[in-house]
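The block underneath contains the structure these notes are about, expressed in structure tokens.
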Amino acid sequence: FTEEFQLVASLEAKEAEKEAAFSRFWFPTEWFAPDAWARVKIDIIYAHEGVLHIVDIKTGKEYPYHQEQLSLYALAGMLIYPEATKIVSDLWYVDGGLEKHAEYEHTEKDDIKKAWNAKVAPMLADTLFEPIPGNHCTWCAFSKLKGGPCKY
């Protein structure tokens, strides 16, 4: 990603490690505000040739859920910079040189909000918080494999 990093470095309109927080109804708020409901940390955000670019830098392997993040980053960009009409979200896997890319129009904002609201609805309705086994169990200190109290 040498060329990409050089391009970003040459631009004036750029930020790194941009913190963005949103209320339950997707209004921008402060990172530690009591109404902060969703927080997004954007590795690189920049404007180039009339397009807002949002980059998440990844190390290690590609996972399917990474692709979902692209729309969340795009939504964050739309909410922070409502004047942006086109948003490009990228995942740069710096270890292997892989890039995932998605383009969004500002007109998709409400649809993306609805999709993320639907995605988190089961989590917000949960009252038991039962563990859900998955690939990450091998890393968890509570897993049965590591002598922890979890049944998985």
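Before moving on, here are some points about what is shown:
- Residues in region 37-80 that a label on Cys140 would reach, taking backbone N under 18 Å of a point 7 Å out along Cα→Cβ: 65
- Exposure of Asp95 as accessible area (Å², to 10), given a probe of 1.4 Å and all protein chains: 110
- Per residue, in Å², the accessible surface of the chain once ligands and nucleic acids are set aside, probe 1.4 Å: 64
- Neighbour cut-off at most 13 other Cβ (10 Å), DSSP loop, trypsin sites (Lys or Arg not before Pro), region 6-91: Arg24, Lys61
- Annotation: aspartates and glutamates with alpha-carbon distance below 20 angstrom to Lys151 (same-chain offsets under eight excluded): Asp126, Glu130.
- Relative contact order for the chain, counting Cα pairs under 8 Å that sit 6 or more residues apart, in percent: 15
- Restriction of the trypsin sites (Lys or Arg not before Pro) in region 98-151 to DSSP coil positions whose beta-carbon has at most 14 other beta-carbons within 10 angstrom yields Lys151.
- Taking 7 Å steps out from each Cα toward its Cβ at Leu124 and Arg24 produces label points 0.7 nm apart.
- Among the GluC sites (Glu not before Pro) in region 76-128, those placed in a DSSP loop whose Cβ has at most 14 other Cβ atoms within 10 Å are Glu83.
- Across the chain, Cα-Cα pairs more than 18 Å apart make up 65 percent of the total.
- If you plug the beta carbon distance of Ala115 and Asp95 into 1/(1 + (r/R0)^6) with R0 = 41 Å, you get a FRET efficiency near 0.90.
- Taking each of Lys14/Lys61; Lys18/Lys86; Lys114/Lys144 in turn, the alpha-carbon distance tops 25 angstrom for Lys14/Lys61; Lys114/Lys144.
- 3J(HN,Hα) couplings calculated from phi for region 37-46 with the Karplus curve 6.51 cos²θ - 1.76 cosθ + 1.60 (θ = phi - 60°) are, in sequence order, 10, 9, 10, 10, 10, 9, 4, 9, 9, 8 Hz; Gly and Pro show x.
- As a rough guide to protection, the peptides 3-12, 44-53, 73-82 ranked by mean Cβ packing within 10 Å, highest first, stand as 73-82, 44-53, 3-12.
The values are calculated or read from the model by the stated rules, or taken from the named source; none is laboratory data. These figures come from a predicted structure and were not determined experimentally. Note that we place each Cβ from the backbone using ideal geometry, even for glycine, and neighbour counts take in every protein chain shown. SASA here: full protein model, heavy atoms, side chains in, ligands and nucleic acids out. Shrake-Rupley method; radii C 1.70, N 1.55, O 1.52, S 1.80 Å.
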